[in-house]
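Worksheet: the structure to be examined is printed underneath.
The values are calculated or read from the model by the stated rules, or taken from the named source; none is laboratory data. Note that the structure is predicted; figures quoted are calculated from it, not measured. Quick reminder, even Gly has a Cβ in these numbers, built from the backbone with ideal geometry, and neighbours come from all protein chains shown.
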Amino acid sequence: MIELSTTTRQLVSHLFPSPVGDQVTQLLEHECAENLPLTSSPDAVGLERIRFAVIRASDGDIDRLLKLISLAQQDWRDVLVVAEFANSVDEHRLWADRVLAAARLPNVPEETNMPNYICTNCGNQYGASEEPPLHCLICEDEREFVNPEGQSWTTLDEVKREHRNVLSTMEPGLSAIETEPKFAIGQRALLVQASKGNVLWDCVSLIDNETVEAIQALGGISALAMSHPHMFGSMVDWSHAFGDAPIYLHTDYQQWIQRPDPVIEFWDGEDRNLAEGPTLHRCGGHFKGSTVLLWPEGAEGRGVLLSSDGVQVAKDRRHVSFMYSYPNYIPLAATMVDRIVDKVLQLKFDRIYSAFHYLEIEADAKEAVQRSADRYKQAIG
Ligand SMILES: [Zn+2]
Ligand SMILES: [Zn+2]
């Protein structure tokens, strides 16, 4: 019998509290083991990858775990695909590192004067620490990249010294917040003034008094929602600046939180209605939890989709694209593209705003999504 590795045991005890954890250990040791139809003789390294995949895709649910084990017994490669471990031989280990690193973080931050370091490459703000973190887990993931000059860190105070935020009106009820000069990934946050309250979609790293005053003049922020971890910026500081407004994140992002805080509220499943009016929808692809926001009142009532990187607007502003990694040019499989398109085409919208300056599709955006998906699938063959 190939026993569970130490890391596998740690993952099980973190994701399946006892007594279920013991049952999961037994199942993995006996049912997800040498009995799988492996292509070569079973070894501990190969089995660990399959076991990690079963654990990840089960989302802590033992019934789902049983189904995944039966799937592995038919074809273990399918389980790697479901867990998003199929594209790279290292992805499962990076995932385990992230989960276990997040488990070691405190749930409630202590009052402290230590800075919250910000990664200069991705703009993510980390929990307070005396020294900068050794690694940026967002940048070490293959959907981002580590600065070739080396990992470097800054703080909000330093960012304030050299940068400012510029607000611009995109259409009535929708403003973009962009940092100048460009900082880190360079995305924009979008403020939706919906009928029942304002929602900040995605975030930037800089927040200062001028920004807070300008947004207060537009009615403040009653909720924040993030599409995926590349856009988290300094979201916790943003929430604190607006009366601890809740930050809605898909539950899949639990492992990506670098600065835990009680203002973060996880939502599960496929769709979530916000009290302010807009709705959140998980479309997956770029990240398993990749979320889009639908603002039905936008575009004079024809509906606006805030798509971020889940459905990326191309530079011609007539097409979109769907990538696993944008900086490293890793495409998505056709089945995944179909899943994203099926999801977003169920929504009623005519216009798309992506996460970046000037990248929007003014009208007939649903046709653009369909046309782009056909073109994309033809290109990847
Ligand atoms: Zn980073
Ligand atoms: Zn991204």
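Below is a table of values for the structure above.
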read-out: Qualifying residue in segment 334-349 (condition: modelled with pLDDT of 95 or more, of a type in the set (Gly, Ala, Ser) and part of a loop (DSSP other than H, G, I, E, B)); value: no
read-out: Identity of the residue in segment 217-227, assigned to a loop (DSSP other than H, G, I, E, B) and either under 15 Å from the mean Cα position of the chain (by Cα) or within 16 Å of ligand 1 (Cβ to nearest atom) (or both), that ends up surrounded by the fewest Cβ atoms within 10 Å (Cβ to Cβ); value: 226
read-out: Residue pairs meeting the criteria (Cβ under 7 Å; at least 6 apart or on separate chains; first assigned by TED's automatic domain parsing to the domain that holds residue 258, in segment 135-151; second surrounded by 15 or more Cβ atoms within 10 Å (Cβ to Cβ)); value: none
read-out: Listing of strands (runs of 3 or more DSSP E) fully contained in segment 143-202 that carry 2 or more residues being within 16 Å of ligand 2 (Cβ to nearest atom); value: 189-194
read-out: From the options 250, 240, 230, residue that is more than 16 Å from ligand 1 (Cβ to nearest atom), assigned by TED's automatic domain parsing to the domain that holds residue 349 and either touching a residue at least 24 places away in the same chain (Cβ under 8 Å) or basic (Lys, Arg) (or both); value: 250
read-out: Matching residues in segment 175-196 - criterion: being buried (at least 17 other Cβ atoms within 10 Å of the Cβ) and out of contact with any strand residue (DSSP E or B) (no Cβ under 6 Å at 6 or more places or on another chain); value: 183, 184, 185, 187, 193, 194
read-out: Those residues of segment 167-185 which are within 29 Å of residue 300 (Cβ to Cβ) and in contact (Cβ under 8 Å) with a residue 40 or more places away in the chain, in sequence order; value: 167, 170, 171, 173, 174, 175, 176, 178
read-out: First in segment 13-36 and touching a residue at least 60 places away in the same chain (Cβ under 8 Å), second anywhere and of a type in the set (Asp, Glu), Cβ under 9 Å, 6 or more apart; value: 15/59
read-out: Filter pass, residue 68 being aliphatic (A, V, I, L, M), closer than 20 Å to residue 100 by Cβ and part of a helix (DSSP H, G or I); value: no
